[in-house]
Amino acid sequence: MGIHHLKDGMIAGMILGDGHLKQETPCLRLSHTSPQTNYLLFKLSLASQVGYETKRYHDSVLNTNLGQRSYCTGVIRKGDIAKFYGMDLDTLLWNLNPLGLLLWWLDDGCLIIHKKQNGSISRFGYLNTQGYGLAENQLIQQRLFEKFGLETSIHIDSKSGFAKSDLFRIYLNATNLRRLIDFVREFIPWIPINMRYKFNMAYVANRLEKSEYFVENYNF
(Lines give C-alpha, C1' and ligand atoms only; values in the text may rest on other atoms or scores of the structure.)
Protein backbone atom coordinates (compact mmCIF):
# COMPACT_ATOMS: atom_id res chain seq x y z
CA MET A 1 0.00 0.00 0.00
CA GLY A 2 1.49 3.36 -0.99
CA ILE A 3 -0.18 5.41 1.72
CA HIS A 4 2.52 7.77 3.01
CA HIS A 5 0.75 10.75 1.43
CA LEU A 6 -2.35 9.84 3.46
CA LYS A 7 -0.51 9.79 6.80
CA ASP A 8 -1.78 13.01 8.42
CA GLY A 9 -5.42 12.37 7.51
CA MET A 10 -5.15 8.77 8.66
CA ILE A 11 -3.78 9.73 12.08
CA ALA A 12 -6.38 12.51 12.35
CA GLY A 13 -9.11 9.89 11.83
CA MET A 14 -7.64 7.68 14.56
CA ILE A 15 -7.54 10.59 17.00
CA LEU A 16 -11.10 11.67 16.17
CA GLY A 17 -12.17 8.08 16.76
CA ASP A 18 -11.00 5.93 19.66
CA GLY A 19 -7.38 7.08 19.74
CA HIS A 20 -6.01 8.90 22.78
CA LEU A 21 -2.87 11.07 22.85
CA LYS A 22 -1.10 10.23 26.10
CA GLN A 23 0.44 13.12 27.98
CA GLU A 24 3.35 11.29 29.66
CA THR A 25 5.20 10.60 26.42
CA PRO A 26 4.29 11.43 22.82
CA CYS A 27 2.27 8.47 21.58
CA LEU A 28 -1.19 7.66 20.31
CA ARG A 29 -2.87 4.95 22.36
CA LEU A 30 -5.42 2.68 20.66
CA SER A 31 -7.72 0.44 22.64
CA HIS A 32 -10.44 -1.93 21.43
CA THR A 33 -12.33 -4.87 22.83
CA SER A 34 -10.47 -8.15 22.37
CA PRO A 35 -12.79 -9.45 19.59
CA GLN A 36 -11.47 -6.51 17.54
CA THR A 37 -7.82 -7.50 17.93
CA ASN A 38 -7.41 -7.95 14.18
CA TYR A 39 -8.74 -4.42 13.69
CA LEU A 40 -6.18 -3.06 16.18
CA LEU A 41 -3.42 -4.90 14.33
CA PHE A 42 -4.68 -3.47 11.05
CA LYS A 43 -4.39 0.09 12.40
CA LEU A 44 -0.92 -0.57 13.81
CA SER A 45 0.11 -1.98 10.43
CA LEU A 46 -1.05 1.18 8.67
CA ALA A 47 0.97 3.30 11.09
CA SER A 48 4.07 1.15 10.60
CA GLN A 49 3.85 1.58 6.84
CA VAL A 50 4.10 5.36 7.12
CA GLY A 51 7.12 5.31 9.43
CA TYR A 52 5.78 5.18 12.98
CA GLU A 53 7.00 2.78 15.64
CA THR A 54 4.19 0.62 17.00
CA LYS A 55 3.76 -1.76 19.90
CA ARG A 56 0.99 -4.22 20.71
CA TYR A 57 0.32 -4.87 24.40
CA HIS A 58 -1.20 -7.94 26.02
CA ASP A 59 -4.95 -8.02 26.58
CA SER A 60 -6.29 -6.71 29.88
CA VAL A 61 -9.61 -7.03 31.70
CA LEU A 62 -11.19 -3.81 32.95
CA ASN A 63 -14.28 -3.04 35.00
CA THR A 64 -16.55 -0.71 33.04
CA ASN A 65 -20.07 0.68 33.37
CA LEU A 66 -21.14 -2.28 31.24
CA GLY A 67 -19.36 -4.84 33.40
CA GLN A 68 -16.02 -6.55 32.86
CA ARG A 69 -14.58 -6.20 29.38
CA SER A 70 -11.41 -7.58 27.82
CA TYR A 71 -9.39 -5.03 25.86
CA CYS A 72 -6.49 -5.13 23.44
CA THR A 73 -4.19 -2.12 23.35
CA GLY A 74 -1.42 -0.74 21.16
CA VAL A 75 0.50 2.47 20.74
CA ILE A 76 1.80 4.51 17.81
CA ARG A 77 4.90 6.59 18.57
CA LYS A 78 8.10 8.17 17.28
CA GLY A 79 8.15 9.84 13.88
CA ASP A 80 6.23 13.13 13.97
CA ILE A 81 3.46 11.94 16.28
CA ALA A 82 4.22 14.84 18.67
CA LYS A 83 2.93 17.39 16.16
CA PHE A 84 -0.64 16.14 16.60
CA TYR A 85 -0.64 17.35 20.21
CA GLY A 86 -0.98 20.91 18.96
CA MET A 87 -3.98 20.23 16.72
CA ASP A 88 -7.42 21.40 17.79
CA LEU A 89 -10.63 19.79 16.53
CA ASP A 90 -10.89 22.05 13.49
CA THR A 91 -7.32 21.29 12.41
CA LEU A 92 -7.91 17.56 12.75
CA LEU A 93 -11.06 17.85 10.66
CA TRP A 94 -9.27 19.81 7.93
CA ASN A 95 -6.55 17.15 7.85
CA LEU A 96 -9.09 14.36 7.52
CA ASN A 97 -8.98 12.39 4.25
CA PRO A 98 -11.01 9.39 3.01
CA LEU A 99 -8.76 6.87 4.81
CA GLY A 100 -9.09 8.84 8.03
CA LEU A 101 -12.84 9.07 7.53
CA LEU A 102 -13.00 5.29 7.11
CA LEU A 103 -11.10 4.73 10.37
CA TRP A 104 -13.26 7.25 12.24
CA TRP A 105 -16.39 5.51 10.98
CA LEU A 106 -15.01 2.08 11.95
CA ASP A 107 -14.35 3.42 15.46
CA ASP A 108 -17.46 5.52 16.07
CA GLY A 109 -19.90 4.84 13.24
CA CYS A 110 -23.10 2.86 13.63
CA LEU A 111 -25.17 1.69 10.65
CA ILE A 112 -28.79 0.87 11.54
CA ILE A 113 -31.19 -1.18 9.39
CA HIS A 114 -34.70 -1.07 10.80
CA LYS A 115 -37.76 -2.95 9.60
CA LYS A 116 -40.90 -0.89 10.09
CA GLN A 117 -44.33 -2.25 11.00
CA ASN A 118 -45.47 -1.87 7.39
CA GLY A 119 -42.59 -4.08 6.25
CA SER A 120 -40.52 -1.32 4.69
CA ILE A 121 -36.86 -0.93 5.61
CA SER A 122 -35.22 2.24 6.84
CA ARG A 123 -31.47 2.67 6.74
CA PHE A 124 -29.56 5.36 8.60
CA GLY A 125 -26.44 5.79 10.66
CA TYR A 126 -24.86 7.73 13.49
CA LEU A 127 -21.36 9.00 14.00
CA ASN A 128 -21.13 8.80 17.77
CA THR A 129 -19.75 12.21 18.67
CA GLN A 130 -21.31 12.41 22.13
CA GLY A 131 -17.92 13.41 23.57
CA TYR A 132 -18.29 16.80 21.88
CA GLY A 133 -20.65 19.62 22.77
CA LEU A 134 -23.23 21.16 20.47
CA ALA A 135 -20.89 23.80 18.99
CA GLU A 136 -18.25 21.15 18.26
CA ASN A 137 -20.83 18.89 16.64
CA GLN A 138 -21.92 21.81 14.49
CA LEU A 139 -18.28 22.26 13.43
CA ILE A 140 -18.01 18.54 12.60
CA GLN A 141 -21.23 18.75 10.59
CA GLN A 142 -19.92 21.76 8.66
CA ARG A 143 -16.55 20.19 7.86
CA LEU A 144 -18.06 16.87 6.77
CA PHE A 145 -20.12 18.79 4.25
CA GLU A 146 -17.29 21.03 3.06
CA LYS A 147 -14.76 18.21 2.67
CA PHE A 148 -16.93 15.26 1.61
CA GLY A 149 -20.32 16.68 0.65
CA LEU A 150 -21.98 14.71 3.46
CA GLU A 151 -25.29 16.25 4.50
CA THR A 152 -25.94 15.40 8.13
CA SER A 153 -28.16 16.37 11.04
CA ILE A 154 -27.35 16.70 14.72
CA HIS A 155 -29.52 14.52 16.93
CA ILE A 156 -29.85 14.59 20.69
CA ASP A 157 -28.87 11.26 22.22
CA SER A 158 -30.83 11.42 25.44
CA LYS A 159 -31.14 7.63 25.86
CA SER A 160 -27.68 6.99 27.24
CA GLY A 161 -27.81 5.67 30.77
CA PHE A 162 -24.59 7.52 31.55
CA ALA A 163 -25.77 10.95 30.43
CA LYS A 164 -26.17 13.68 33.01
CA SER A 165 -27.22 16.10 30.29
CA ASP A 166 -28.15 15.91 26.65
CA LEU A 167 -25.58 14.38 24.33
CA PHE A 168 -25.26 14.98 20.60
CA ARG A 169 -24.35 12.79 17.65
CA ILE A 170 -24.20 13.11 13.88
CA TYR A 171 -27.05 11.51 11.88
CA LEU A 172 -26.69 10.31 8.27
CA ASN A 173 -29.61 9.17 6.13
CA ALA A 174 -29.29 6.35 3.59
CA THR A 175 -28.32 8.68 0.75
CA ASN A 176 -25.41 10.09 2.73
CA LEU A 177 -24.35 6.69 4.02
CA ARG A 178 -23.95 5.63 0.41
CA ARG A 179 -22.05 8.85 -0.26
CA LEU A 180 -19.72 8.08 2.66
CA ILE A 181 -19.15 4.56 1.31
CA ASP A 182 -18.32 5.99 -2.10
CA PHE A 183 -15.62 8.18 -0.55
CA VAL A 184 -13.94 5.32 1.34
CA ARG A 185 -14.71 2.50 -1.09
CA GLU A 186 -11.14 1.93 -2.30
CA PHE A 187 -10.00 1.18 1.26
CA ILE A 188 -12.81 -1.18 2.33
CA PRO A 189 -11.06 -4.29 0.90
CA TRP A 190 -8.13 -3.55 3.25
CA ILE A 191 -10.11 -3.76 6.48
CA PRO A 192 -10.69 -6.99 8.46
CA ILE A 193 -13.73 -8.90 7.24
CA ASN A 194 -15.38 -8.80 10.67
CA MET A 195 -15.45 -4.99 10.51
CA ARG A 196 -17.14 -4.70 7.11
CA TYR A 197 -20.60 -4.92 8.68
CA LYS A 198 -20.26 -1.19 9.31
CA PHE A 199 -20.64 -0.68 5.55
CA ASN A 200 -23.13 -3.45 4.76
CA MET A 201 -26.44 -1.79 3.92
CA ALA A 202 -28.06 -5.20 3.30
CA TYR A 203 -30.05 -4.26 0.24
CA VAL A 204 -32.29 -6.87 -1.41
CA ALA A 205 -32.98 -6.87 -5.13
CA ASN A 206 -36.64 -6.16 -5.91
CA ARG A 207 -38.72 -4.24 -8.43
CA LEU A 208 -37.69 -0.86 -7.09
CA GLU A 209 -35.52 1.30 -9.29
CA LYS A 210 -31.78 0.97 -8.57
CA SER A 211 -32.27 -1.96 -6.18
CA GLU A 212 -29.86 -4.20 -8.08
CA TYR A 213 -27.34 -1.37 -8.27
CA PHE A 214 -27.56 -0.87 -4.51
CA VAL A 215 -27.12 -4.61 -3.89
CA GLU A 216 -24.00 -4.68 -6.04
CA ASN A 217 -22.39 -1.54 -4.65
CA TYR A 218 -23.45 -1.19 -1.00
CA ASN A 219 -23.57 -4.72 0.41
CA PHE A 220 -20.33 -5.88 2.04
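Points to keep in mind about this one:
- In summary, Asn137 fulfils each of the numbered conditions (1) out of contact with any helix residue (DSSP H, G or I) (no Cβ under 8 Å at 6 or more places or on another chain); (2) more than 22 Å from Ile15 (Cβ to Cβ); (3) at pLDDT 95 or above with the single exception of condition (2).
- Residue ID - least open to solvent (accessible area, probe 1.4 Å), chosen from residues in the range 66-86 that are over 22 Å from Ile15 (Cβ atoms) and over 22 Å from the mean Cα position of the chain (by Cα): Gly67
- Of everything in the range 194-206 that is in contact (Cβ under 8 Å) with a residue 40 or more places away in the chain and in a helix (DSSP H, G or I), the residue that is farthest from Tyr39 (Cα to Cα) is Phe199.
- Residue satisfying condition, being open to solvent by 70 Å² or more (accessible area, probe 1.4 Å), β-branched (Val, Ile, Thr) and within 16 Å of the chain's Cα centre (by Cα), within set Ile170, Ile193, Ile181: Ile193
- Asp59 being at pLDDT below 95, open to solvent by 50 Å² or more (accessible area, probe 1.4 Å), acidic (Asp, Glu) and farther than 28 Å from Arg185 by Cβ: yes
The values are calculated or read from the model by the stated rules, or taken from the named source; none is laboratory data. Computed from a prediction, not measured in an experiment: that's the story for all the values here. With ideal geometry, Cβ positions are generated from the backbone for all residues, glycine too; neighbour counts draw on all protein chains shown. Heavy atoms of the whole protein, side chains included, go into the accessibility calculation; ligands, DNA and RNA do not. Shrake-Rupley method; radii C 1.70, N 1.55, O 1.52, S 1.80 Å.
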